[in-house]
Amino acid sequence: LILPSNITVIGKKMFADFNFSGTLVIPKNITIIEEQAFYNSTFESILFEKGSNLKEIKFQAFYNCSIEEISLPNTLEYIGVEAFRNSYIRKIVISSENLKIDSMAFYYCQFLREVYINGEFENWMSYEFVDDMSTPMSYADTIYGLNENNEYCVVTEIVIQDTITSIGNYQFKK
């Protein structure tokens, strides 16, 4: 599914209960994915166009979706209540510098196994997780981070730098 490049908002329940194979391509001009936009829909993956301007994923936008993997754009500022609840995500890449993840955003994402943090762990420390079911760490088996060669590797140790003055709630809650 390829959406037209001139739209800026994917509306409420726009593709609810929609089934298709392949990749959902979200144009770079989209800034908001409204409530239940893809509620109970089926697709393999989501691709955000290069230069994405996405700021918000609202309430239950991808509730109960069969998404294999998703790489969230670095412009994302807010993931709403139950945004990915009950979805079948196996792999997620998070790269925002400033992100609020609301209550139960990843609740019951029982198939989530890999969380990739694309960027500095300092950013992760500043994310605002509203509760213990808003962090993707609750289900993940493995966390990946970027090494000095800008390649993903399994995080086996986290060293908190002296520059970190506070760590938010639920950052690494399993």
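Couple of notes before you dig in:
- Among the residues of region 78-98, those that are of a type in the set (D, E, K, R) and more than 18 Å from Q60 (Cβ to Cβ) comprise R90, K91, E97.
- Residue in region 47-65 that is open to solvent by 40 Å² or more (accessible area, probe 1.4 Å) and under 30 Å from I160 (Cα atoms) present: yes
- Any hit, region 118-134, residues being closer than 16 Å to V93 by Cα, at pLDDT 75 or above and touching a Cys at 6+ places or on another chain (Cβ under 8 Å): no
- Tally of residues being more than 20 Å from N53 (Cα to Cα), open to solvent by 80 Å² or more (accessible area, probe 1.4 Å) and modelled with pLDDT of 85 or more across region 1-25: 3
The values are calculated or read from the model by the stated rules, or taken from the named source; none is laboratory data. Keep in mind that this is a model prediction, so the values were computed, not measured. Reconstructed Cβ throughout: ideal geometry from the backbone, glycine too, with neighbour counts over all protein chains shown. The protein model used for the area step is the full one, side chains on, heavy atoms only, and it has no ligands, DNA or RNA in it. Shrake-Rupley method; radii C 1.70, N 1.55, O 1.52, S 1.80 Å.
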